[in-house]
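The values are calculated or read from the model by the stated rules, or taken from the named source; none is laboratory data. Remember, it's a predicted structure, so these values are computed and weren't measured experimentally. Counting neighbours? That spans all protein chains shown, and the Cβs are built from the backbone with ideal geometry, glycine included. Keep in mind that these areas ignore ligands, DNA and RNA; they rest on the heavy atoms of the full protein, side chains included. Shrake-Rupley method; radii C 1.70, N 1.55, O 1.52, S 1.80 Å.
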Amino acid sequence: MGSDVRLEIKPLTGSCGAEVFGLDISQYLSDSTVSDIRRALLDYGVIFFREQNLTPETHRAFTKNFGDLVSNPVYAHVEGYPDIMPVIKEAGDKYVIGDTWHTDMSYMEVPPLGSLLYAREVPEYGGDTLFANMYLAYEMLSDTLKEMLQGRKAYHSDRYLTSRVAERNVGRSTQLRTDIEHKERLALHPIVRTHDETGKKCLYVNFPFTWSIEGMSREESLPLLTQLYAHASRPEFTCRFRWRKGSLAFWDNRCAMHYACDDYQGKRREMHRTTIAGTRPR
Ligand code: SIN
């Protein structure tokens, strides 16, 4: 069972992202295959599998190869699967989630290692997801700014999502939870994060969740943060993935941001997302 397979890996761009061929991820995978996939994730920041056929059970089982599953604390779950989050846009919806450059759940003290997004139904075109390499974003800063940021921390909050739940849920099928009272989640993280597996430094701030730099007001923080967001999403640092039904994207949340492109008004898109427990940023 689960004999070793040789993965074929095709990089998508010069900055990040690679497609991985030769694998049915609904099957049992040997330790060495799992370790090859993990290596590809570390090398490319986000990896993609095509023509998969996953049930919620096999999606969970594949995810578990890489760590414990975590439930999203703010969004509703697929019924019967607390650790699967539906990401759905109905044809009549006006809005989606994720249409800003962001890092999943960075408002948690221990944000997730990564997420695995599986396409159950996608429009013929539109609805791509973009990813940005935050190692490159860090490397390409001037040495002076790198020195200024070194050792500094920033507050991350979920208030962008949860301070106005009812308002955000209108016109959008991916619903914030209304069955709980949301208390602000706030975490303090280094602005320059050292990846716990690669040991490389990356920029770790994002538009919806980073609130302010420690020791500075939000007003004082915003000019610098805004400049960092603009820098981090330069096209040179990104890749763009065109979905087909059965595609799966697996991103490393520690060193990649992503952006859901909402350019498919009037069409339906349905995804399932699992998330893997991470480590405290340092
Ligand atoms: C997300 O931010 O996880 C959603 C991405 C997408 O829908 O493409």
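Identify the trypsin sites (Lys or Arg not before Pro) of the stretch 113-171 meeting these criteria: DSSP loop state and at most 14 other C-beta atoms within 10 Å of the C-beta.
Numbers: sites: Arg120, Lys146, Arg152, Lys153, Arg159, Arg164, Arg168; in loops: Arg152, Arg164.
Sparse-neighbourhood loop trypsin sites (Lys or Arg not before Pro): Arg152, Arg164.
Ordered by residue, what ³J(HN,Hα) values in Hz, to whole numbers, does the stretch 25-38 give under the Karplus form 6.51 cos²θ - 1.76 cosθ + 1.60, where θ = phi - 60° and Gly and Pro are x?
Along the stretch 25-38, the couplings run 7, 7, 8, 4, 10, 5, 4, 6, 5, 4, 5, 5, 5, 4 Hz.
Given the options Ala154, Ala256, Ala230, state which has the largest fluctuation in a GNM of the chain using a 10 Å cut-off (strictly under) for Cα springs.
Ala230
State the Cα centre-to-centre distance between the stretch 1-50 and the stretch 230-282 in whole Å.
17
Loop only per DSSP, at most 10 neighbouring Cβ atoms within 10 Å: give me the GluC sites (Glu not before Pro) in the stretch 79-132, ordered by residue number.
Numbers: sites: Glu79, Glu90, Glu109, Glu121, Glu124; in loops: Glu79, Glu90, Glu109, Glu124.
Within the stretch 79-132, the qualifying GluC sites (Glu not before Pro) (loop, at most 10 other Cβ atoms within 10 Å) are Glu79, Glu124.
Keeping the other protein chains in place, figure out the carbon and sulfur percent of the accessible area of the chain, with a 1.4 Å probe.
Numbers: 6330 of 12860 Å².
The C+S portion of the solvent-accessible surface of the chain is 49 percent.
How would the stretch 91-130 be classified by its alpha-carbon gyration tensor: rounded, prolate or oblate, with rounded meaning a/c under 1.5 and the a/b versus b/c comparison settling the rest? Before the final figure, lay out each step's value.
On the way: a/c = 2.65, a/b = 1.89, b/c = 1.40.
Here the stretch 91-130 falls in the prolate category.
Just in the stretch 123-170: which chymotrypsin sites (Phe, Trp or Tyr not before Pro) are loop by DSSP and have at most 15 other Cβ atoms within 10 Å? Write down the numbers at each step before the final one.
On the way: sites: Tyr125, Phe131, Tyr135, Tyr138, Tyr155, Tyr160; in loops: Tyr125.
Filter output for the stretch 123-170: Tyr125.
Checking the a/c ratio against 1.5 first, then a/b against b/c, what shape does the Cα gyration tensor give for the stretch 55-123?
Working: a/c = 1.83, a/b = 1.20, b/c = 1.53.
It comes out oblate by the Cα gyration axes.
Does the chain come out rounded, prolate or oblate, given a ≥ b ≥ c as the square roots of the eigenvalues of its C-alpha gyration tensor, rounded meaning a/c under 1.5 and, failing that, prolate meaning a/b above b/c? Spell out each step's value before the answer.
Details: a/c = 1.58, a/b = 1.18, b/c = 1.34.
Note, shape of the chain comes out oblate.
Could you name the lysines whose alpha carbon sits less than 29 Å from that of Lys10, not counting residues in the same chain fewer than 8 places away?
Straight-line reach from Lys10, under 29 Å: Lys64, Lys200, Lys201, Lys245.
Could you do me a favour and compute the accessible area per residue for the chain, 1.4 Å probe, result in Å²? Show your work: numbers first, answer last.
Details: 12860 Å² over 282 residues.
Roughly 46 Å² per residue, with all protein chains present.
With +1 on each Lys and Arg Cβ and -1 on each Asp and Glu Cβ, how big is the dipole of the chain about its Cα centre, in debye rounded to the nearest 20?
Numbers: 36 positive and 38 negative charges, 50 e Å.
It works out to roughly 240 debye.
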